[in-house]
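Peer 1: Okay, handing you the structure first.
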Amino acid sequence: MSKPFKQSYLLPSPSQISELRGVIRSHSPPSATLLARSHSVLDNSPVELARYATEIRMLEEALAELKSERALLESHVDDCRSLFSPVRRLPTELLVEIFDLCSPDFNSVDDTTTVDQEEDRLAKIYLLRISRVCSRWHDIVMNSPKLWSTITVDTTLWRKSTISSATLLALLVSSLKRGADFPLTLEAAIGRKHPSHKSVLKLLAQHSRRWQTAYLSVDPSHLTFLAHAQGNLPVLESLTLLSARRANVEATAEVFGAIPRLKTAEISGWFDGASLQLPWGQLRQLTIANGLCRMLSLDMLPLLSAEARCTIVVYAATLDLPLHLSTAASNIPSLRIGFSTEHNKLDETTYLTRTSKVLGEIFAGLSLPRLGHLSIFCKY
């Protein structure tokens, strides 16, 4: 046990401090006693100051050691407490559901998505951040195909990215691989001018057996790159095809000809029943829209069964009038016709006149003997 530190005998009393400072301020000659005491302080202070320095260093070392021990104890207490944390008792299945809810809002094809967001969603950056919390979460994220079962890709943004197309494609490959055999929700906008469209479509087609919901905004002529998907869509239930550009699709019309579980389809743009084969008779819901296309085709309606419902979304401002619709008879029991104001640059009067003419031509060209429900609405 160390001895208590002894106070220095050179420490002045308050009266001695007052006396010395008074002499210094007044420039008065010091007394013999003050001179002798001051000489003693100067002669012996090096030893005493060194003794204080040694004691302070020892105390600082002891304090540092105490602080280190306290930090170690705090860390150990936290570790012990974590053993009883409720989150540790959550089953893996529930954690997967929670992680899945962390998906950001931009995880869908949208005109407002930025290049940075495209890069992040291809890499699934939000999942990678979660995986860094602890080893268990890392294992859950990397080994839970459900978390990788939504794929969104928009190659129209790739040309603006500072990351190479090869790297972006590699990120897409990685996400698809981690999804294993889990049913896939796919949203893909494929820019026809970007050189990666062929590689991306072929890659997605390799996983077509997993497609459960598919949204494809694609040039019709590029359907040829989905050839691997033909006859290989066993779980696809909902399909959306969108194109703003007219092209010959006859060579690839059969890509979607055999889809045993398909019940819902949306066709927008230049696709029509004559050039595109779908299992029309098994559909229960079909939506037709012209989008930016200047024509509207209703030749799919006669191909529908008497159990199918149909919705026609008309972008009247983009259509060429008259429509020259062929007469079509259909046994559908339900029809909804909606007029969208999107892409409209016309004044209100002109737009309303056009919608009236379009509606008249649609009714003039349709024969619906079994129709039991009809609604007309505006889609803002």
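Peer 1: For the stretch 1-50, how many residues meet the condition of being in a helix (DSSP H, G or I) and hydroxyl-bearing (Ser, Thr, Tyr)?
Peer 2: To start, the set of residues in the stretch 1-50 that are in a helix (DSSP H, G or I) comprises 14-26, 32-50.
Among the residues that remain, those that are also hydroxyl-bearing (Ser, Thr, Tyr) are: 15, 18, 26, 33, 38, 40, 45.
Result for the stretch 1-50: 7.
Peer 1: Mind listing just one residue for me: the one in the stretch 204-221 that is touching a residue at least 40 places away in the same chain (Cβ under 8 Å) and in a strand (DSSP E or B) and, of those, farthest from Leu236 (Cα to Cα)?
Peer 2: Looking at the filtered set, the residue picked out is Ser217.
Peer 1: Within the group Ser340, Ser356, which residue is among the small types (Gly, Ala, Ser) and either in contact with a strand residue (DSSP E or B) (Cβ under 6 Å, 6 or more places away or on another chain) or in contact (Cβ under 8 Å) with a residue 40 or more places away in the chain (or both)?
Peer 2: Values: Ser356 fails: either in contact with a strand residue (DSSP E or B) (Cβ under 6 Å, 6 or more places away or on another chain) or in contact (Cβ under 8 Å) with a residue 40 or more places away in the chain (or both).
Of the residues listed, the single one that is among the small types (Gly, Ala, Ser) and either in contact with a strand residue (DSSP E or B) (Cβ under 6 Å, 6 or more places away or on another chain) or in contact (Cβ under 8 Å) with a residue 40 or more places away in the chain (or both) is Ser340.
Peer 1: Further question on the same structure: Among the residues of the stretch 119-129, are any in contact with a strand residue (DSSP E or B) (Cβ under 8 Å, 6 or more places away or on another chain), surrounded by 14 or more Cβ atoms within 10 Å (Cβ to Cβ), within 30 Å of Val200 (Cα to Cα) and of a type outside the set (Gly, Ala, Ser)? Step through it out loud before you land on a result.
Peer 2: Of all residues in the stretch 119-129, those in contact with a strand residue (DSSP E or B) (Cβ under 8 Å, 6 or more places away or on another chain) come to 121-122.
Next cut, surrounded by 14 or more Cβ atoms within 10 Å (Cβ to Cβ) only: 121-122.
Narrowing further to those that are within 30 Å of Val200 (Cα to Cα): 121-122.
After this cut, where a residue has to be of a type outside the set (Gly, Ala, Ser) as well, the list is 121-122.
Yes, the conditions are met somewhere in the stretch 119-129.
Peer 1: Just give me the residues in the stretch 70-107 being part of a loop (DSSP other than H, G, I, E, B), closer than 17 Å to Trp148 by Cα and in contact with a helix residue (DSSP H, G or I) (Cβ under 9 Å, 6 or more places away or on another chain), in sequence order. Step through it out loud before you land on a result.
Peer 2: Kept after step one, since they are part of a loop (DSSP other than H, G, I, E, B), are these residues of the stretch 70-107: 83-85, 90-91, 101-107.
Right, trim to closer than 17 Å to Trp148 by Cα and you get 101-107.
Residues satisfying the conditions are Cys102, Ser103, Pro104, Phe106, Asn107.
Peer 1: I'd like to verify a number: residues in the stretch 116-141 that are closer than 21 Å to Leu176 by Cβ and either in a helix (DSSP H, G or I) or touching a Pro at 6+ places or on another chain (Cβ under 8 Å) (or both), how many? Outline the logic, then answer.
Peer 2: Keep residues of the stretch 116-141 that are closer than 21 Å to Leu176 by Cβ, which gives 117-131, 138-141.
Right, trim to either in a helix (DSSP H, G or I) or touching a Pro at 6+ places or on another chain (Cβ under 8 Å) (or both) and you get 117-123, 125-131, 138-141.
Here the count works out to 18.
Peer 1: Which residues, taken from the stretch 301-320, are modelled with pLDDT of 90 or more and part of a loop (DSSP other than H, G, I, E, B)?
Peer 2: Here is the first cut: in the stretch 301-320, the ones modelled with pLDDT of 90 or more are 301-314.
Within the stretch 301-320, Leu304, Ser305, Ala306, Glu307, Ala308 meet the criteria.
Peer 1: If you take the residues in the stretch 360-380 that are part of a helix (DSSP H, G or I), surrounded by fewer than 16 Cβ atoms within 10 Å (Cβ to Cβ) and of a type in the set (A, V, I, L, M, F, W, C), which one is nearest to the chain's Cα centre (by Cα)? Spell out how you get there, then give the answer.
Peer 2: Filtering the stretch 360-380 down to residues part of a helix (DSSP H, G or I) leaves 360-365.
From what's left, surrounded by fewer than 16 Cβ atoms within 10 Å (Cβ to Cβ): 360, 363-364.
Still in the running and of a type in the set (A, V, I, L, M, F, W, C): 363-364.
Values: Phe363: 43, Ala364: 45 Å.
Within the stretch 360-380, the match that is nearest to the chain's Cα centre (by Cα) is Phe363.
The values are calculated or read from the model by the stated rules, or taken from the named source; none is laboratory data. Since we're looking at a predicted model, the values are computed, not measured. Here Cβ is always computed from backbone atoms with ideal geometry, including for glycine, and neighbour counts include all displayed protein chains.
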